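The structure that follows is given in the form of structure tokens.
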Amino acid sequence: MIQRICDTDISYEIVGQGVPVINLHGYGIDHCSMKASLEPIFADRKGFQRIYFDLPGMGRSGTNPQILTSDDMLEVVMQFIDRLIPDQPFILTGLSYGGYLARGVLHKMRDRVLGLLLICPVIGFRRTTRQLPDFRLWERDEAFMSQLTPNEFETIDQFLTIQTKRVWERFNQEINPSLSLPDIGLMERIRDTEFSFEVDTQESPFDSPALILLGRSDVAVGYKDAWEIYDNFTDATLVVLGRSGHSLQMEQSSLFDVHVRAWLDQILI
């Protein structure tokens with residue numbers, strides 16, 4: 001389905017009925033990364049309407065030369081929410097850059113947010129200021145990895161900390177197809193543009209259930225910076241998963257499922 005938002009065609013899909021769940025994917029990929037991780041959790045739960053969409057310039061959404069900053073991207077996200085679920089409360093999830101945008105939505109629309117899930121969220125947007133761990137390879141299936149092409153191996157080397165057939169197949173299905181789709185010009189424009197406001201400055205802490213999931217070996221966004229925002233939430237669980245990096249939902253899928261299920265159980269709907 002398509003919605004025209006801020007002169008941009010936004011591609012989206014809706015699964016289920018009930019309380020809306022707005023899902024924001026990461027930088028340069030598409031909504032499939034969120035859908036693949038969350039749908040198995042929602043499969044046996046009724047009462048949730050999952051809304052997945054591609055951010056401008058990514059996936060199957062259109063692009064717009066007027067989108068210059070993360071402020072512009074956030075405006076599209078908020079207008080999309082208001083178009084699809086005007087005045088309704090909703091649950092909010094965000095992966096990586098989507099976790100940055102999710103905190104922007106929370107800053108602007110917090111009275112409507114019933115719960116917040118941040119998966120490997122960008123905290124400090126500028127890469128030069130992030131506290132990043134050294135890359136650590138925890139597991140590698142040498143026989144399987146030797147079958148990958150050089151380009152396939154380069155895509156995951158120094159990124160996936162668990163390099164096995166199981167993780168590769170998920171990465172290849174959920175992430176790889178979207179990597180060739182982004183509008184590179186738009187990606188470059190927003191790449192290091194922080195919000196024009198202090199996104200993590202609130203008049204009072206967010207009081208509804210929040211879950212922050214981080215990978216101990218995440219060399220993209222790290223995990224230490226997340227402690228700086230922890231006190232912004234009075235009902236937050238912050239978990240740093242070992243043996244995982246920026247794709248923890250694939251590398252430690254069982255632990256991911258357990259924590260997200262527990263978080264959903266805490267949300268009053």
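Just so you know, all these numbers are worked out from the coordinates, no wet-lab data involved. All figures in this text were calculated on a predicted structure; none of them were measured in a lab. Using ideal geometry, Cβ is built from the backbone for each residue, glycine included, and neighbour counts are taken over all protein chains shown.
Give all pairs with beta carbons closer than 7 Å in which a residue from the range 35-46 that is without any contact (Cβ under 8 Å) to a residue 40 or more places away in the chain meets a residue that is surrounded by 13 or more Cβ atoms within 10 Å (Cβ to Cβ) and hydrophobic (A, V, I, L, M, F, W, C); count only pairs at least 6 apart in sequence or on separate chains.
That search, which allows pairs on different chains as well, returns Glu39/Val15; Phe42/Phe48.
In the range 158-192, what count of residues is obtained for those that are free of Cβ contacts under 8 Å to residues at least 40 places away in the same chain and not charged (D, E, K, R)?
7
Restricting to the range 15-47, give me the number of residues that are part of a loop (DSSP other than H, G, I, E, B) and closer than 15 Å to Tyr97 by Cβ. Please lay out each step first, then the result.
Within the range 15-47, the subset part of a loop (DSSP other than H, G, I, E, B) is 16-17, 25-31, 43-46.
Still in the running and closer than 15 Å to Tyr97 by Cβ: 25-31.
Residues flagged as part of a loop (DSSP other than H, G, I, E, B) and closer than 15 Å to Tyr97 by Cβ within the range 15-47 amount to 7.
Specify the residue that is farthest from Leu264 (Cα to Cα); the eligible residues are those in the range 184-224 that are of a type in the set (D, E, K, R) and out of contact with any Leu (no Cβ under 9 Å at 6 or more places or on another chain). Break it down into steps so the answer makes sense when it comes.
Applying the first criterion (of a type in the set (D, E, K, R)) to the range 184-224 yields 188-189, 191-192, 194, 198, 200, 203, 207, 216, 218, 224.
This time we only want the ones that are out of contact with any Leu (no Cβ under 9 Å at 6 or more places or on another chain), so: 188, 191-192, 194, 198, 200, 203, 207.
On the way: Glu188: 35, Arg191: 32, Asp192: 32, Glu194: 30, Glu198: 28, Asp200: 23, Glu203: 25, Asp207: 15 Å.
Across the range 184-224, the extreme among qualifying residues is Glu188.
Go through the range 186-243 and report how many residues are in a loop (DSSP other than H, G, I, E, B), under 19 Å from the mean Cα position of the chain (by Cα), surrounded by fewer than 19 Cβ atoms within 10 Å (Cβ to Cβ) and of a type in the set (Ser, Thr, Tyr).
1
Turning to a different aspect of this structure: Surrounded by fewer than 19 Cβ atoms within 10 Å (Cβ to Cβ), within 23 Å of Phe206 (Cβ to Cβ) and more than 14 Å from the chain's Cα centre (by Cα) - does that describe any residue in the range 61-70?
no
Among the residues of the range 1-14, how many are out of contact with any strand residue (DSSP E or B) (no Cβ under 9 Å at 6 or more places or on another chain) and either among the basic types (Lys, Arg) or in a loop (DSSP other than H, G, I, E, B) (or both)? Walk me through how you get there before you give the answer.
If we filter the range 1-14 for residues that are out of contact with any strand residue (DSSP E or B) (no Cβ under 9 Å at 6 or more places or on another chain), which is where we start, we get 5-8.
Adding the requirement that they be either among the basic types (Lys, Arg) or in a loop (DSSP other than H, G, I, E, B) (or both) leaves 6-7.
Going through the range 1-14 one residue at a time, the tally reaches 2.
For the range 78-103, what are the residues that are of a type in the set (Ser, Thr, Tyr) and in a helix (DSSP H, G or I)? Outline the logic, then answer.
Here is the first cut: in the range 78-103, the residues of a type in the set (Ser, Thr, Tyr) are 93, 96-97, 100.
Tyr97, Tyr100 - these are the residues of the range 78-103 that are of a type in the set (Ser, Thr, Tyr) and in a helix (DSSP H, G or I).
Separate question: I'd like to check something: does the range 131-140 contain any residue that is touching a strand residue (DSSP E or B) at 6+ places or on another chain (Cβ under 6 Å) and surrounded by 22 or more Cβ atoms within 10 Å (Cβ to Cβ)?
Looking for residues that are touching a strand residue (DSSP E or B) at 6+ places or on another chain (Cβ under 6 Å) and surrounded by 22 or more Cβ atoms within 10 Å (Cβ to Cβ), one finds none in the range 131-140, hence no.
Would you please name the residue that is nearest to Asp265 (Cα to Cα), looking only at residues in the range 23-60 that are surrounded by 23 or more Cβ atoms within 10 Å (Cβ to Cβ) and of a type in the set (Ser, Thr, Tyr)?
Among residues in the range 23-60 that are surrounded by 23 or more Cβ atoms within 10 Å (Cβ to Cβ) and of a type in the set (Ser, Thr, Tyr), the one nearest to Asp265 (Cα to Cα) is Ser37.
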